[in-house]
Structures are given as C-alpha cells and as structure tokens.
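I have placed the structure first, in the form of structure tokens, so that the comments after it can refer back to it.
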Amino acid sequence: MKNLSFPGLPRVLIVDDEEGVREGLRSLLQHEGLHVETAGTAEEGLRRVGARAFDIVFLDLNLPGADGMSSIGKFRQGTPSPDVLILTGYGTVAKAVESMKKGASDVIEKPFSGDRILATVRRVLETRQLKNELTWLQDRVRELTSTELVGLSPAIREVQTRIDQVAHAPDTTVLITGQSGTGKELVARCVHERSSRRHGPFVAVNCAALTEALLEAELFGYEPGAFTGASREGKDGLFAVATGGTLFLDEIGEMEPTLQAKLLRVLQERTFRRVGGVQDVPVDVRIIASTNRDLRQMVQSGGFREDLFYRLNVMAVHVPPLRERAADVPLLSHFFLDQIGRQMGKALSGFTEEAMETLTEYGWPGNVRELRNAIEHACIVCPNGMIDEVHLPKFTGGAPDGSDEIDRTALVLDGKDRSIRALESQLVAKVLDDTQWNISRAASILGINRTTLYNKIRVYELGDRPMRSKVLA
C-alpha cells in the first residue's frame with residue numbers, strides 16, 4: 001500500500017469486541033502507512049463514523065449490543081460512504097450473501113492471515129481510487145468552462161502565464177491580490193487544477209467570515225472537549241481535510257494577529273496542532289491566500305505580520321480590475337450569456353450593437369462579478385433572441401474613485417443666440433467632451449437615453465464620434 005498514491009491518508013476503522021483482533025489489525029495496517037482507529041461496539045464505531053470520514057470499516061458481526069449485521073447500513077450512510085469489510089468467526093454462505101446484500105464489500109472469516117487482510121485492503125483502496133478519479137473527471141468535464149480564465153487581453157494573459165508557472169511548483173505558496181469581484185478564487189482553482197495536486201481536494205475558507213476562535217478550530221480542528229461546546233469526538237480541521245490538495249485562505253488580510261502567528265508556524269514547520277492537542281500533525285497542502293487589501297501597507301502600519309507576508313508572497317499573482325481589461329468584456333459577456341442561457345433553457349443568440357456598446361463603455365466597479373450579474377439580469381428580462389440595451393440593468397456609470405466627475409464650470413453663451421436650443425447644444429457638446437464621447441455615461445448625466453442623445457448629436461451637428469478600436473467577441 002505504500003507504493004499507491006492515495007489523496008490524503010486513507011482512514012480505517014476497526015469495530016471488534018476482541019482487543020487482540022483490534023490491536024493486531026491496527027499494528028498491521030499502521031505499518032502499511034494507514035490511519036487506524038478502533039472501537040469495541042457498533043455504537044462507538046457509529047459515533048466515530050459520524051465525526052469523520054473513513055475509507056474502510058472492519059466490522060465484526062458478533063458484537064455486544066447492536067450486532068454487526070444490523071449496523072452495516074448505518075455505517076454506509078456517510079458521504080462518501082466507507083467500504084464495510086465483515087469479520088466473522090461464524091462464516092456461512094447465507095451470512096455472506098446477506099451481508100453483501102446489505103452493502104458489505106467483502107466477508108473475511110476468522111482466523112485470518114495478514115496477507116488476506118492486506119490483499120483485501122489493497123483491492124478496496126484501488127477501487128475507491130479509481131472511483132474518485134472517475135468522479136473527479138466527470139466533475140472536471142462539467143466545470144471546465146467555469147474554472148478557466150476567459151479573456152485575450154494582455155492583462156489576463158499575464159495572469160494565465162503566472163498560473164502556468166506556479167502550477168509546476170505544487171508546494172509553493174501563492175498570494176493572489178486584486179479588487180473584490182475580479183475572480184481571485186477562480187485563479188486559485190486554476191492553479192490547483194493545473195498542478196499535480198489536482199486529484200486532491202480544493203478547500204476554501206473565508207477568513208473574514210469567522211471569529212478568531214472559530215477560524216482556528218475550523219483550520220486546525222480540535223481534540224475532544226477542547227473547549228465548551230466542543231464535540232466529544234473532536235473534529236478534523238481544514239488542513240487535515242485538504243491533505244494532498246490545496247487550502248485557499250480568502251481575505252487573509254482579515255486574519256487576527258494571534259492566528260497569523262500560528263499560520264506562520266504551519267508554513268515554516270509544515271506541521272500544526274489541533275486546538276487542545278499536544279502532538280504535531282504533519283501537513284501536506286499547498287497554501288494559496290488572497291486579499292483585496294494592500295498587505296505591504298498593513299505591514300507598515302502593524303496590521304499584518306511582516307514575516308508572514310514574506311512567507312505568503314513567494315509567488316504573487318495580481319488579478320486586474322475589469323476596467324483594465326475592457327477588451328475582454330465582449331468575450332466575457334458572450335461566455336456568461338451562453339452559460340446562463342443554457343441554465344435557464346432560453347435561446348439567446350447574442351447582443352445588439354447598442355447593448356454591447358453599453359457593456360464595453362461601463363466602468364464595472366464591481367468587476368467580473370458585476371458583469372455576470374448584469375448578464376444574468378438581462379437573461380431573465382429578455383424573453384428570447386438578442387439582448388438589447390433595454391434588457392440591461394440601469395447603470396450609474398463612472399469609476400468607483402470618482403474620476404468620472406464632470407467639470408461643472410459655467411457655459412458661455414454666444415451673445416447673438418441665447419435660445420434654449422443653443423444652450424442645450426452647448427451642454428450636450430460639453431458633456432460629450434468631458435466624458436470623451438462615452439455615449440452611455442453622457443446620456444446618463446444628461447438624463448436621456450442613448451437614442452435621444454444620438455438624435456441631438458445629429459440635429460445640433462456636433463460631429464462624429466471619435467474612432468475607437470473594434471473589439472471582436
């Protein structure tokens with residue numbers, strides 16, 4: 001079994017009322033590198049299965065209290081369910097058939113040899129590994145389009161290059177920076193799925209969503225009775241759950257200083273201790289952290305540990321805001337339209353020129369997340385056919401930093417023509433100049449729709465719109 005590559009450490013539970021059988025199997029299987037726990041009754045075994053996941057359960061049929069035969073189904077209720085291997089000193093064909101019907105994977109008669117046990121365990125683990133890989137492949141096919149970075153702009157190509165570089169270093173810590181809504185978790189998933197850790201789990205936790213105590217227990221797990229309200233069986237933390245894979249720490253800048261010190265120790269020593277524990281547990285995960293804050297500035301102000309920052313910032317990936325990759329808006333819009341349209345069962349063929357112009361001109365302060373929400377809104381409103389401008393949500397326009405504010409200096413009227421028409425003509429011309437002929441923003445400022453604005457440009461002979469480079473979807 002030591003030469004098999006299993007994600008994480010396979011867990012085995014031995015449920016038998018004979019201490020000699022339990023300890024003999026424990027010694028044999030631990031020598032093969034498996035994690036082994038034991039229980040003397042079915043009730044105790046079920047409590048352990050309820051507290052954590054196991055790959056294999058050895059279950060004796062003749063137990064005090066609830067017998068093994070009636071407990072097979074209960075042991076199989078976990079997700080994923082373990083393989084149950086029946087141990088019996090009263091082997092008969094009838095019992096074997098009955099136990100297999102109830103969900104057992106095999107029946108082993110006592111006394112048994114070590115070779116028989118190891119051969120059975122090897123077969124079961126190999127089968128589970130094949131099933132896990134099949135499940136992963138099926139999930140990968142379903143999620144392929146949603147776990148790829150969409151875009152052809154130079155900014156996003158640089159991100160894709162960084163992902164490919166760090167994917168070949170499966171133990172290197174990665175720090176992903178960028179504004180909210182830019183897709184930092186998507187970048188983390190891409191790193192995970194392109195690396196050799198892709199067969200292991202990808203586990204994400206939002207550091208801003210939990211208190212310090214809860215986050216510590218969530219990350220490291222805890223021993224039975226470690227604190228008031230703690231489970232009597234204890235709990236595995238996310239570091240243990242993510243063994244063999246990737247642990248994504250979202251919003252790392254919100255982590256409290258005390259917990260920052262404990263995370264630093266994990267990165268330095270590659271071990272951790274469960275809350276209330278005294279033993280170091282080895283850890284085999286890649287850490288990917290993300291933040292929308294400036295960690296360097298937080299280090300200078302004392303809000304973030306300098307040593308932890310340098311441990312995290314081994315490989316930095318910056319995800320640009322959508323306004324810096326505006327050339328990707330048409331491609332992203334069509335991608336979301338196809339994805340959401342299929343989910344809703346609608347035949348939506350694309351965008352009108354006016355709708356796409358509105359999408360490309362908007363500043364997107366909420367980044368890719370806001371764009372997806374806008375396309376979803378349009379898919380709901382539009383009955384079928386093409387998405388038009390009227391189907392899009394009403395945008396406020398402008399950048400989040402207020403850089404799109406219009407210069408409101410007074411208009412100077414020609415002494416010969418002081419008509420309302422002349423005033424309106426100058427006002428429209430000024431707003432167009434101040435917005436660099438961004439039709440959507442200009443129309444929003446003037447309080448009219450785009451069609452009306454185009455009519456006024458024509459009527460007042462304000463000229464043609466400056467040429468812009470075409471972006472093809």
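Descriptive notes on the structure:
- Looking across R274, R296, one residue alone is over 24 Å from G50 (Cα atoms) and among the basic types (K, R). It is R296.
- Qualifying residue in region 305-320 (condition: farther than 24 Å from I156 by Cβ, at pLDDT 90 or above, in contact with a Pro (Cβ under 9 Å, 6 or more places away or on another chain) and not aliphatic (A, V, I, L, M)): yes
- Selection of region 259-279 for residues being exposed (fewer than 13 other Cβ atoms within 10 Å of the Cβ) and part of a loop (DSSP other than H, G, I, E, B) yields V278, Q279.
- Of all the residues in region 243-269, those that are closer than 18 Å to N313 by Cβ and basic (K, R) number 1.
- For region 284-329, a residue qualifies if it is surrounded by fewer than 23 Cβ atoms within 10 Å (Cβ to Cβ), of a type outside the set (G, A, S) and assigned to a strand (DSSP E or B), and the qualifying residues are M315, H318.
- The residue that is modelled with the lowest pLDDT, among those in region 366-386 that are touching a strand residue (DSSP E or B) at 6+ places or on another chain (Cβ under 7 Å) and assigned to a loop (DSSP other than H, G, I, E, B), is N384.
- One residue stands out among those in region 407-439 that are of a type in the set (S, T, N, Q) and at pLDDT 75 or above: the one that is farthest from T358 (Cα to Cα), which is S419.
- Selection of region 345-365 for residues being outside any helix (DSSP H, G or I) and either within 24 Å of T451 (Cα to Cα) or β-branched (V, I, T) (or both) yields L348, S349, G350, F351, T352, Y362, G363, W364.
- Going through (1) touching a strand residue (DSSP E or B) at 6+ places or on another chain (Cβ under 8 Å); (2) in the same structural domain as H192 (by TED's automatic domain parsing); (3) modelled with pLDDT under 95 one by one, H334 falls short only on (2).
- Top-ranked residue in region 120-177 [being basic (K, R) and modelled with pLDDT under 90; ranked as nearest to V317 (Cα to Cα)]: R140
- Residues in region 242-252 that are surrounded by fewer than 20 Cβ atoms within 10 Å (Cβ to Cβ) and either touching a strand residue (DSSP E or B) at 6+ places or on another chain (Cβ under 7 Å) or part of a helix (DSSP H, G or I) (or both): E251 only.
- The set of residues in region 171-189 that are surrounded by fewer than 19 Cβ atoms within 10 Å (Cβ to Cβ) and of a type in the set (V, I, T) comprises T172, T173.
- Near pairs, Cβ below 8 angstrom, 6+ apart or cross-chain, from region 418-440 (under 13 Å from L453 (Cα atoms)) to any residue that is of a type in the set (G, A, S) and at pLDDT below 80: N438/G397; S440/G397
- Selected residue [in a helix (DSSP H, G or I) and either at pLDDT below 95 or basic (K, R) (or both)] from G24, G33: G24
- Which numbered condition R342 misses (of (1) in the same structural domain as A209 (by TED's automatic domain parsing); (2) of a type in the set (K, R); (3) part of a helix (DSSP H, G or I)): (1)
The values are calculated or read from the model by the stated rules, or taken from the named source; none is laboratory data. Bear in mind the structure is a predicted one, so any value in this text is a computation, not a measurement. Using ideal geometry, Cβ is built from the backbone for each residue, glycine included, and neighbour counts are taken over all protein chains shown.
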